[in-house]
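Working notes, beginning with the structure itself.
The values are calculated or read from the model by the stated rules, or taken from the named source; none is laboratory data. All values reported here derive from a predicted model rather than from experimental measurement. Methodologically, a virtual Cβ is constructed for each residue, glycine included, from the backbone with ideal geometry; neighbour enumeration extends over all protein chains shown.
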């Protein structure tokens, strides 16, 4: 950024500006109505998309997702039957499939992407936003927690796991009789809830609210 | 100077964002180096992912192993063309396309062209979004090998290629993330607001 541009603004005015995260174009933060979207004039990235009572919805959906995740881990996921033999698989078993020998690191990777990171992300979102949903000031470390949640977003791969399940189903369909367990539906619901949750999230609004309600300023 | 994570604008020389606490930097000068490093790692890991077996199926005492491409051919043989296409796309088209697209973007940074910025920006977004979907095959292998453990009748074991494929996907995701998107737009001086 050339100094000539910033020098014309007072420090307090800087808070009224937003830089496009993609192309760095400066905008004055616009008044965006609920349900509307503000896009960058240069690269058309969505800058803001506030929704009505978004904080409460995000917190509710995150709690739902956490409950569904716990259900998805423990209930049987799929049951395979052939010639009187039955094999029941939970998400935990899928993770442990790689746990012997050289494929052990992969076991950790699968565990991280489908269970641990989504849970950490939900926890971080709840920690950062739950106090704000009920109108309180954010807790200590709320900023770090929300930044963590944003950074983890690409690594939480629950929805990809679901598509993987579909492919695996087709592969074994000819081999044996398959039954879908409750955990499968819990996981599917979890993916839908996560997508909804991300749609309600307007990052700029959340950052500004976190800043405005910070107690020590 | 703007914060990467929350968009707050600061004067030059500020090192930590006052709003969200993220470290600030005007431009990431090591961005391209990291892109190339991660991508080379991704390409290196993609080679064994194709040559070593992905799955080892033991059916009535007979063991057959199939590679990444072999899995797709098998699906076509079962006549499940839709699923074969998804797997083919996720494990072959996407990784190769990503190697190409990221190299293209990284090379084009040196050759500014305001006209092309929009299409490059779109290409980057597609690459960043689609990269994660390559993990499908790894999850399929994980599920199959935990599900199909029916004693002597049939068992499936994961192969070493699953590990290198997962690494390859992770490395190319890191390569895409290391790329500073603003490099695409920096070339465009006329509309600098």
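Odds and ends about this structure:
- Some residue of the stretch A:183-198 being away from chain B (no Cβ under 12 Å), within 21 Å of residue B:20 (Cα to Cα) and at pLDDT below 80: yes
- Check on residue B:173, buried (at least 19 other Cβ atoms within 10 Å of the Cβ), touching a helix residue (DSSP H, G or I) at 6+ places or on another chain (Cβ under 6 Å), modelled with pLDDT of 85 or more and within 8 Å of chain A (Cβ to nearest Cβ): yes
- Within the option set B:107, B:40, being without any contact (Cβ under 8 Å) to a residue 12 or more places away in the chain and within 18 Å of residue B:170 (Cα to Cα) holds for one residue only, B:40.
- The stretch B:99-115, subset modelled with pLDDT of 75 or more and surrounded by 15 or more Cβ atoms within 10 Å (Cβ to Cβ), residue farthest from residue A:44 (Cα to Cα): B:99
- Helices (runs of 4 or more DSSP H) fully within the stretch A:87-162 counting 1 or more residues that are crowded, with 23+ Cβ neighbours inside 10 Å and in contact (Cβ under 8 Å) with a residue 24 or more places away in the chain: A:91-96, A:117-133, A:142-152
- Residue that is nearest to residue A:106 (Cα to Cα) [pool: residues in the stretch B:118-151 that are in contact with a strand residue (DSSP E or B) (Cβ under 9 Å, 6 or more places away or on another chain) and surrounded by fewer than 24 Cβ atoms within 10 Å (Cβ to Cβ)]: B:149
- Test: residue in the stretch A:58-77 that is facing chain B (nearest Cβ under 10 Å) and in a strand (DSSP E or B): no
- The single residue among A:168, A:176, A:183 that is closer than 23 Å to residue B:88 by Cβ and in contact with a strand residue (DSSP E or B) (Cβ under 9 Å, 6 or more places away or on another chain) turns out to be A:168.
- Residues that are under 25 Å from the mean Cα position of the chain (by Cα) and touching a residue at least 24 places away in the same chain (Cβ under 8 Å) within the stretch A:169-191 comprise A:181, A:182, A:183, A:184, A:186, A:187, A:188, A:189, A:190, A:191, listed in sequence order.
- Of all residues making up the stretch B:113-164, the number that are in a loop (DSSP other than H, G, I, E, B) and either closer than 22 Å to residue B:68 by Cβ or facing chain A (nearest Cβ under 8 Å) (or both): 5
- In summary, residue B:100 fulfils each of the numbered conditions (1) within 28 Å of residue B:149 (Cα to Cα); (2) assigned to a helix (DSSP H, G or I) with the single exception of condition (1).
- Residue match in the stretch A:81-96 (condition: more than 14 Å from every other protein chain (Cβ to nearest Cβ) and under 21 Å from the mean Cα position of the chain (by Cα)): no
- Only a single criterion out of (1) under 25 Å from residue B:160 (Cα atoms); (2) in contact with a strand residue (DSSP E or B) (Cβ under 8 Å, 6 or more places away or on another chain) is not satisfied by residue A:82, namely (1).
- Each residue in the stretch A:24-39 was checked for being more than 12 Å from residue A:205 (Cβ to Cβ), assigned to a loop (DSSP other than H, G, I, E, B) and either within 12 Å of another protein chain (Cβ to nearest Cβ) or in contact (Cβ under 8 Å) with a residue 24 or more places away in the chain (or both), and 2 pass.
- Residue count for the stretch B:66-112 satisfying the condition of being in contact with a strand residue (DSSP E or B) (Cβ under 9 Å, 6 or more places away or on another chain) and within 14 Å of chain A (Cβ to nearest Cβ): 5.
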